[in-house]
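Asker: Mind looking over this structure? Questions follow.
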Amino acid sequence: MINVDVTLFIQMANFLLLLVLMNLVLYRPIRRLVAQRNELISKQRAGIDNAEREAQRAIQEFEERLKAARAAGREKVQELKEAAYRVEKDLLSQAAEEAAKEVQAVREQIQREIGQVRAQLQAQIQVFSKDMAQRILGRSL
């Protein structure tokens, strides 16, 4: 059987003292280190989550800027095409005007030459008709 004497109380006191000392020297520092490590890990996870969110936000912002830049580029290309079309239209109208002016100038030149030729022919007709009349009549007029 179990004898309850003073040694039992001494062993219980010894056990409790050992438990208190182990708690002070070993368990509390280990628990504190584990708690600090857990806190550090949770902070790092939060930092990683924040970094991932920031990276996603930056990627999204970049994609939006890229989309806006592409839209602006397409708009600029369209503007340049329209400007080129207007320039082409202006050049064609100028060329048509110049061609019309040249055609008009050539027509006027032709009309002047026709007038000169008619005047020359009129002068020659009078000379020829006088000459023919002289030949037909046989005398000079």
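The values are calculated or read from the model by the stated rules, or taken from the named source; none is laboratory data. Keep in mind that what you see is a predicted model, and the values were worked out from it rather than measured. Virtual Cβ from ideal backbone geometry, glycine too; neighbours counted across all protein chains shown.
Asker: Which of the following residues is of a type in the set (Lys, Arg), surrounded by 10 or more Cβ atoms within 10 Å (Cβ to Cβ) and modelled with pLDDT of 95 or more: ARG57, ARG28?
Answerer: ARG57
Asker: Right, next: Any chance the range 78-100 includes a residue that's in a helix (DSSP H, G or I), surrounded by 10 or more Cβ atoms within 10 Å (Cβ to Cβ), among the acidic types (Asp, Glu) and within 11 Å of the chain's Cα centre (by Cα)?
Answerer: No, the conditions are met nowhere in the range 78-100.
Asker: Still on this structure, I have one more. Of ARG74, ARG37, which residue is in a helix (DSSP H, G or I) and under 23 Å from the mean Cα position of the chain (by Cα)?
Answerer: Only one candidate passes the filter, namely ARG74.
Asker: Could you identify the single residue in GLY138, GLY73 that is on the phi > 0 side of the Ramachandran plot and of a type outside the set (A, V, I, L, M, F, W, C)?
Answerer: GLY138
Asker: Within the range 1-8, is there a residue that is over 59 Å from the mean Cα position of the chain (by Cα), surrounded by 10 or more Cβ atoms within 10 Å (Cβ to Cβ) and free of Cβ contacts under 8 Å to residues at least 40 places away in the same chain?
Answerer: yes
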